[in-house]
Amino acid sequence: MKKIGFIVLVFSLLCGLPAEAQLGNLINKGKNVAKKAKEVKEKVDDEVKKVNGDVDFYFMGAHKGFYRSRNQKIVFDDLHKEGDRTGKNVIYTIEKNGDVKFDDGKKVGEVLDGGVVNCHSTAPYLTLAANGDVVMAGEVIGHIDNDGNVTLEGTPIGKAKDIDKQVAAYIFFGILYDKPGIDDVRARIKEEKLRAEQERKQAEEARLKAAQEAQAKGQTTTATTSSTKKSQNSGNKATTQKVKEWTIEKNGKRGFVDANGVVYDWAHKKIGQLPKGSGDIKDGSGSTIGRISSGDIYNRSGKVASVTSGGSISVPGSNATVAEVRGAGRIDMTKDSKTLGYCDVRPYEWAVAIIFCDFFKF
């Protein structure tokens, strides 16, 4: 430090500037050089990524690696901790024939035609459906949408935008997770959803009970006034307004549903009752055959469908829209545009329960 101070002092004397000014100039020049060098490096890195087709993927909110489309390599941020590749990135390579090889040259899986992915000595391990569903052992366990969002049992687990969906399925469900891990996560998610649904139902029941108690209290308060009015009007003939009805058409059969949620067959015989808001779905004899809760429709075995405020219908295990309520209450399948029936009633849960879920056997 003494030598540097002496050099700066001599330099300042020769140039006629204070030592502090000379030192500050040197530091600023050094910072500018470092900043420019960083900017150049970032530009070079970006160009390299473009040339190689590098696309990042994220797992549980953290950057996990990238996929190099130029040579179909999956490069993880994780480094080898031992062996010949100590300190180097963990890499999987997808060969032209679909074989997946680890960076030690051993075959560890396959990415084949038809969405088939094999790994962990299991064939088929999983299949990626055309709509992005990830199917394992005949069950839809996850989904990858067109924006690269990856979900497991409807819960977001990662993002792989612009990466081939089948490759993304291998990364998330074959490498980052194995089947035992997937089974554990699925069980935990289902337990959490069931607990949340039970808590929601208890809160809803408590709300309804409080509303009923408040209503009963109000009726007691106005009982005297009401009885007086009734006696005054006892000589008048009561008039009843007809409740609005909507036609139901399905499988060549017809029926009706009115504004009170009462469902009738073609002869106007009551065959069911729908709830106003959340509540039970009942058959003609009053037995509970299902339930509606905030856009979700359940039968005795569990949830069978969900409908959004815009009329999009989905089923458990998939975020994809499988059917839609269109104009005039027409319910069409999205896959082949097949029309299931007509029921131009609101809320949409009623139409879905009647036509899509077939609670009343039309």
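The values are calculated or read from the model by the stated rules, or taken from the named source; none is laboratory data. These numbers come from a predicted model, not from an experiment. Neighbour counts run over all protein chains shown; Cβ positions are idealised from the backbone, glycine included. Side chains included, ligands, DNA and RNA excluded: accessible areas come from the protein's heavy atoms. Shrake-Rupley method; radii C 1.70, N 1.55, O 1.52, S 1.80 Å.
Would you mind stating whether ALA203 is assigned to a helix (DSSP H, G or I) and either open to solvent by 40 Å² or more (accessible area, probe 1.4 Å) or closer than 30 Å to LYS276 by Cβ (or both)?
When the stated conditions are applied, ALA203 passes them.
Just a yes or no: is a residue in the stretch 158-173 surrounded by 13 or more Cβ atoms within 10 Å (Cβ to Cβ), in contact with a Gly (Cβ under 9 Å, 6 or more places away or on another chain), of a type in the set (Val, Ile, Thr) and without any contact (Cβ under 8 Å) to a residue 60 or more places away in the chain?
no
For the stretch 190-200, which residues satisfy the criterion of being surrounded by 13 or more Cβ atoms within 10 Å (Cβ to Cβ) and closer than 18 Å to ASP280 by Cβ?
GLU197, ARG200
Hey, among the residues in the stretch 304-362 that are among the acidic types (Asp, Glu) and under 29 Å from LEU194 (Cβ atoms), which one's nearest to the chain's Cα centre (by Cα)?
GLU324
Filtering the stretch 60-79 down to residues that are in contact with a helix residue (DSSP H, G or I) (Cβ under 7 Å, 6 or more places away or on another chain) and surrounded by 11 or more Cβ atoms within 10 Å (Cβ to Cβ), which residue is farthest from PRO156 (Cα to Cα)?
Selected residue: ARG68.
Kindly indicate which of ALA328, ALA323, ALA305, ALA353 is open to solvent by 20 Å² or more (accessible area, probe 1.4 Å) and among the small types (Gly, Ala, Ser).
When all the criteria are applied, what remains is ALA328.
Filter the strands (runs of 3 or more DSSP E) completely within the stretch 25-89 down to those with at least 1 residues that are modelled with pLDDT under 85.
Once the strands (runs of 3 or more DSSP E) in the stretch 25-89 are filtered for at least 1 residues that are modelled with pLDDT under 85, nothing remains.
Tell me which residues, restricted to the stretch 99-118, are over 16 Å from PHE173 (Cα atoms) and more than 29 Å from the chain's Cα centre (by Cα).
Those that are over 16 Å from PHE173 (Cα atoms) and more than 29 Å from the chain's Cα centre (by Cα): ASP99, LYS101, PHE102, ASP103, ASP104, GLY105, LYS106, LYS107.
Could you count how many residues in the stretch 297-350 are among the basic types (Lys, Arg) and under 23 Å from ASP258 (Cα atoms)?
3
When the residues of the stretch 105-138 are narrowed to those that are part of a strand (DSSP E or B) and of a type in the set (Gly, Ala, Ser), which ends up most open to solvent (accessible area, probe 1.4 Å)?
ALA123
Which of the following residues is surrounded by 14 or more Cβ atoms within 10 Å (Cβ to Cβ) and within 29 Å of ASP336 (Cβ to Cβ): ILE91, ILE144?
On inspection, the qualifying residue turns out to be ILE144.
Would you confirm, using the coordinates I've provided, whether SER306 is over 19 Å from PHE360 (Cβ atoms), modelled with pLDDT of 90 or more and out of contact with any Gly (no Cβ under 6 Å at 6 or more places or on another chain)?
When the stated conditions are applied, SER306 does not pass them.
Suppose we keep only residues that are free of Cβ contacts under 8 Å to residues at least 40 places away in the same chain and within 24 Å of VAL108 (Cβ to Cβ) within the stretch 174-189. Which one would you say is surrounded by the most Cβ atoms within 10 Å (Cβ to Cβ)?
For the stretch 174-189, the residue satisfying everything is TYR177.
For the stretch 280-300, how many residues are free of Cβ contacts under 8 Å to residues at least 24 places away in the same chain and at positive phi?
Looking only at that region, the number is 1.
For ILE354, only one of the following conditions fails: (1) under 18 Å from GLY277 (Cα atoms); (2) among the β-branched types (Val, Ile, Thr); (3) assigned to a strand (DSSP E or B). What is its number?
Every listed condition holds for ILE354 apart from (3).
Which of the residues belonging to the stretch 272-301 are open to solvent by 40 Å² or more (accessible area, probe 1.4 Å), within 20 Å of GLY317 (Cβ to Cβ) and not in a loop (DSSP other than H, G, I, E, B)?
Passing the criteria: ARG291, ASN299.
Go through LYS193, LYS253 for me and flag whichever is among the charged types (D, E, K, R), modelled with pLDDT under 85 and either over 43 Å from the mean Cα position of the chain (by Cα) or over 30 Å from GLU153 (Cβ atoms) (or both).
Of LYS193, LYS253, the one residue that is among the charged types (D, E, K, R), modelled with pLDDT under 85 and either over 43 Å from the mean Cα position of the chain (by Cα) or over 30 Å from GLU153 (Cβ atoms) (or both) is LYS253.
List the pairs whose first member sits in the stretch 260-271 and is within 17 Å of GLU349 (Cα to Cα) and open to solvent by less than 40 Å² (accessible area, probe 1.4 Å), whose second member is aromatic (Phe, Trp, Tyr) and assigned to a loop (DSSP other than H, G, I, E, B), and whose Cβ atoms are under 6 Å apart, counting only residues at least 6 apart or on separate chains?
VAL263/PHE360
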